[in-house]
Amino acid sequence: MMLSRSALVAVTFVIVAAQTAWAQQGPMPAEVAAKLQELGRVVDASKTGELYAPLQEKEPYQGVKVERDVKYGASERNLLDVFAPEVPSSPRAALIYVHGGGFVRGPKRASGSPFNDNIMLWAVRNGYIGVNATYRLTPQAIWPSGAEDLAAAVQWVSDNIGARGGEPARIFLMGHSTGAVHVADYVSRPELHKVKGGGLAGAILVSGIYEMPATAVNDYLAYFGADPARHAEQSSLPGLLTTKIPLMIVAAELDPPGFVQQFELLKQASCKRASGCSRAVMLPQHSHMSEVYSINTADTRLTGEIIDFMNTEK
C-alpha cells in the first residue's frame with residue numbers, strides 16, 4: 001500500500017501551512033530552525049548534534065541515579081542503562097528507549113555525547129524511570145533479531161524495574177528510526193513476546209518503517225535480506241493493525257520523504273483498528289535527528305504529547 005503522488009503533495013501542503021503558525025509560537029530557537037531548514041530533509045546526526053549539544057545537561061546529572069551497561073540478554077550488545085531518581089518515590093511508569101542507526105551502527109550513548117542520555121533525563125525529571133536499550137547489529141544479526149532483543153529487554157524490565165522504583169504494569173516502549181522499526185516489529189509479533197500481552201502499556205514509534213521494502217533506510221537489505229517474496233512476512237503493518245497495545249506515531253516535517261510516507265500510511269491504516277485511530281504527531285520545523293535531540297530542552301512539542309499519551313494509557 002503506497003501513497004499516491006497527489007496524496008504526498010497534500011500532506012506536504014498541510015505541513016507547510018502548519019509551519020507558519022508554529023514558527024510564531026514554537027519554542028525552537030530561530031537560529032536552530034534556520035540551520036535545520038538549511039540542512040534539509042536529511043539524516044545528519046553530526047551537524048544536528050552540534051546544534052543541540054549546547055542545550056543539553058552535562059554530567060554529573062543532579063538528582064539522578066544512573067546504572068550503566070546492565071545485561072538483559074546473552075549477546076554482548078544486550079545492554080541497557082537505567083535512570084532513576086536519587087530519592088525514592090512512589091512507583092513510576094518506565095520508558096524504554098531504543099535508538100536508531102540504520103541497522104548497522106548506533107551505540108545507546110556515545111562517549112562524551114549528551115544523546116541519548118537526554119531522553120533518560122527527561123524521563124526522570126517528568127516522573128518516569130528511563131531505560132536506554134541497545135541491540136545486536138547487522139551483519140552479525142539479521143531480521144528478526146531486533147524484535148527478539150526487545151522481547152528480552154521488556155522481560156528484564158518487567159522482572160527488575162520494581163526494585164528500581166518502577167511500576168511493571170506501566171512499561172512504555174519508544175523507538176526512533178531503526179529503533180522504531182524494531183519496536184513496531186516487536187509489537188506486531190505476539191509470538192515473540194515473553195511477557196503476557198507484550199508487557200507494554202503503550203508503544204511510541206518515531207520516524208519508523210512499517211511496510212516493506214524499507215527503502216528509506218540505506219542498509220535495510222543487510223538486515224531484512226534481498227528476497228522480495230518475504231516483504232509481506234517482514235512488514236509490521238498487519239500486526240500493528242491488530243495489536244491491542246496502544247500506539248503513538250510520530251514523524252518530523254523535515255524527515256526524508258520515505259519516513260513521512262510511512263507515517264501517513266500507518267496513520268491512515270490505524271483508523272481501521274477496532275480501538276480507533278492511533279495518536280499521530282507531525283512535528284513542525286523538526287528533522288529526523290532533531291526530533292529526539294531536542295528532548296529535554298525548552299521545545300516540548302513532542303514530549304508534551306508523550307506525557308499525555310503515557311498518562312492516558314494507564
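Taken together, 256, 246, 284, 228 contain a single residue that is closer than 21 Å to residue 178 by Cβ, modelled with pLDDT of 95 or more and not hydrophobic (A, V, I, L, M, F, W, C), which is 256. Residues in the stretch 100-113 that are of a type outside the set (D, E, K, R) and either open to solvent by 40 Å² or more (accessible area, probe 1.4 Å) or within 19 Å of residue 70 (Cα to Cα) (or both): 104, 106, 107, 110, 111, 112. Evaluated against (1) part of a helix (DSSP H, G or I); (2) in contact with a strand residue (DSSP E or B) (Cβ under 8 Å, 6 or more places away or on another chain); (3) at pLDDT 95 or above, residue 50 falls short on exactly one condition, (2). Only one entry in 52, 61 is farther than 30 Å from residue 255 by Cα and aromatic (Phe, Trp, Tyr), namely 61. Looking at residue 137, is it out of contact with any strand residue (DSSP E or B) (no Cβ under 8 Å at 6 or more places or on another chain) and modelled with pLDDT under 95? It is false that residue 137 is out of contact with any strand residue (DSSP E or B) (no Cβ under 8 Å at 6 or more places or on another chain) and modelled with pLDDT under 95. Is it true that residue 12 is at pLDDT below 55, loosely packed, with under 10 Cβ neighbours inside 10 Å and in a helix (DSSP H, G or I)? No: the conditions fail for residue 12.
Kindly evaluate residue 171 against the criterion of being part of a strand (DSSP E or B), among the β-branched types (Val, Ile, Thr), at pLDDT 95 or above and closer than 21 Å to residue 306 by Cβ. So residue 171 fits the description; yes.
Would it be correct to say that residue 206 is of a type outside the set (S, T, N, Q), in contact with a strand residue (DSSP E or B) (Cβ under 9 Å, 6 or more places away or on another chain) and closer than 30 Å to residue 54 by Cβ? Against the criterion (of a type outside the set (S, T, N, Q), in contact with a strand residue (DSSP E or B) (Cβ under 9 Å, 6 or more places away or on another chain) and closer than 30 Å to residue 54 by Cβ), residue 206 qualifies. Taking residues in the stretch 147-160 that are in contact (Cβ under 8 Å) with a residue 40 or more places away in the chain, and partners anywhere that are open to solvent by 30 Å² or more (accessible area, probe 1.4 Å) and in a helix (DSSP H, G or I), the pairs with Cβ atoms closer than 7 Å and at least 6 places apart or on different chains are 147/192; 148/192; 151/192. Is at least one residue of the stretch 99-121 within 28 Å of residue 214 (Cβ to Cβ), of a type outside the set (Ser, Thr, Tyr) and in a strand (DSSP E or B)? Taking every residue of the stretch 99-121 in turn, none turns out to be within 28 Å of residue 214 (Cβ to Cβ), of a type outside the set (Ser, Thr, Tyr) and in a strand (DSSP E or B). If you check 170, 164, 125 for being among the basic types (Lys, Arg), open to solvent by 10 Å² or more (accessible area, probe 1.4 Å) and touching a Lys or Arg at 6+ places or on another chain (Cβ under 7 Å), only one passes: 170. Of everything in the stretch 40-63 that is more than 22 Å from the chain's Cα centre (by Cα) and of a type outside the set (D, E, K, R), the residue that is most open to solvent (accessible area, probe 1.4 Å) is 62.
Pairs are defined by a Cβ separation below 6 Å, a sequence spacing of at least 6 or placement on different chains, a first member in the stretch 98-115 that is farther than 18 Å from residue 78 by Cα, and a second member that is part of a loop (DSSP other than H, G, I, E, B); the pairs so defined are 114/56.
Residues that are touching a strand residue (DSSP E or B) at 6+ places or on another chain (Cβ under 9 Å) and among the β-branched types (Val, Ile, Thr) within the stretch 95-121 comprise 96, 98, 119, listed in sequence order. If we keep just the residues of the stretch 173-197 that are surrounded by fewer than 22 Cβ atoms within 10 Å (Cβ to Cβ) and among the hydrophobic types (A, V, I, L, M, F, W, C), which is nearest to residue 255 (Cα to Cα)? Within the stretch 173-197, the match that is nearest to residue 255 (Cα to Cα) is 192. Kindly evaluate residue 279 against the criterion of being within 17 Å of the chain's Cα centre (by Cα) and basic (Lys, Arg). Criteria met by residue 279.
The values are calculated or read from the model by the stated rules, or taken from the named source; none is laboratory data. The shown structure was predicted, so the numbers you read here are calculated from the model rather than taken from an experiment. Reconstructed Cβ throughout: ideal geometry from the backbone, glycine too, with neighbour counts over all protein chains shown. Accessible surface areas use protein heavy atoms only, side chains included; no ligands, DNA or RNA. Shrake-Rupley method; radii C 1.70, N 1.55, O 1.52, S 1.80 Å.
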